[in-house]
Structures are given as structure tokens and as C-alpha cells.
1. Quick check on ALA36: is it at pLDDT 95 or above, among the small types (Gly, Ala, Ser) and out of contact with any Leu (no Cβ under 8 Å at 6 or more places or on another chain)?
2. Suppose we filter ALA52, ALA34, ALA6 for residues that are surrounded by fewer than 17 Cβ atoms within 10 Å (Cβ to Cβ) and not basic (Lys, Arg); which single one remains?
Amino acid sequence: MNLDQAVLGFAGTVVLLGLGLGWFVSPYWLLLTAFAGLNMIQASITGFCPAAMVFKKLGLSNGCAFS
């Protein structure tokens, strides 16, 4: 697994987790989904992605999107 796959998998997991918790537990959990979406938008504009930095420190190899 490379860095790009890890970041996309993590983002998808956070979005689905937020939706599930929002549906079954409390609508306030939808804020987690909104946070994930806003983070993805800012990462596409600025190139700064905290999750990519964490996965890189964990030793994942670079993909083509995050270097």
C-alpha cells in the first residue's frame, strides 16, 4: 500500500463512519463528515494533508499524489 492509497482509504473510512454514526447515534456526528470533506478540499488546494504526513512517518512509500 502506498501513501495515496492509505490517505484515500482513511478519508473514505472517516466519511462512512461519520455518516453511520450520524444516522444511528446522533446527527452531530455529521460534523465529522463535514470536517473530512473540508480537509479534502483544503488539501487539494494547498497540498497540505495531515494524514499524509502521519502515514509518511509510519513508513509508507510515496505515491504520485503526495510526495
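The values are calculated or read from the model by the stated rules, or taken from the named source; none is laboratory data. Predicted model only: the values in this text are computed from it and were never measured. Note that each Cβ is placed from the backbone with ideal geometry, even for glycine, and that neighbours are counted across all protein chains shown.
1. On the way: at pLDDT 95 or above: yes; among the small types (Gly, Ala, Ser): yes; out of contact with any Leu (no Cβ under 8 Å at 6 or more places or on another chain): yes.
Yes; evaluated as a whole, the condition is true for this residue.
2. Details: ALA52 fails: surrounded by fewer than 17 Cβ atoms within 10 Å (Cβ to Cβ); ALA6 fails: surrounded by fewer than 17 Cβ atoms within 10 Å (Cβ to Cβ).
So the residue among ALA52, ALA34, ALA6 that is surrounded by fewer than 17 Cβ atoms within 10 Å (Cβ to Cβ) and not basic (Lys, Arg) is ALA34.
Listed here are the residues, each with its yes/no results for (1) among the charged types (D, E, K, R); (2) under 14 Å from the mean Cα position of the chain (by Cα); (3) part of a helix (DSSP H, G or I); (4) farther than 13 Å from LEU8 by Cβ.
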| position | (1), (2), (3), (4) |
| --- | --- |
| TRP23 | no, no, yes, yes |
| TYR28 | no, no, yes, yes |
| PHE35 | no, yes, yes, yes |
| MET40 | no, yes, yes, no |
| ILE45 | no, no, yes, yes |
| MET53 | no, yes, yes, yes |
| GLY59 | no, no, no, yes |
| GLY63 | no, no, no, no |
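This table checks each residue for (1) touching a residue at least 60 places away in the same chain (Cβ under 8 Å); (2) not aliphatic (A, V, I, L, M).
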| site | (1), (2) |
| --- | --- |
| ASN2 | yes, yes |
| PHE24 | no, yes |
| PHE35 | no, yes |
| ILE45 | no, no |
| PHE48 | no, yes |
| LEU58 | no, no |
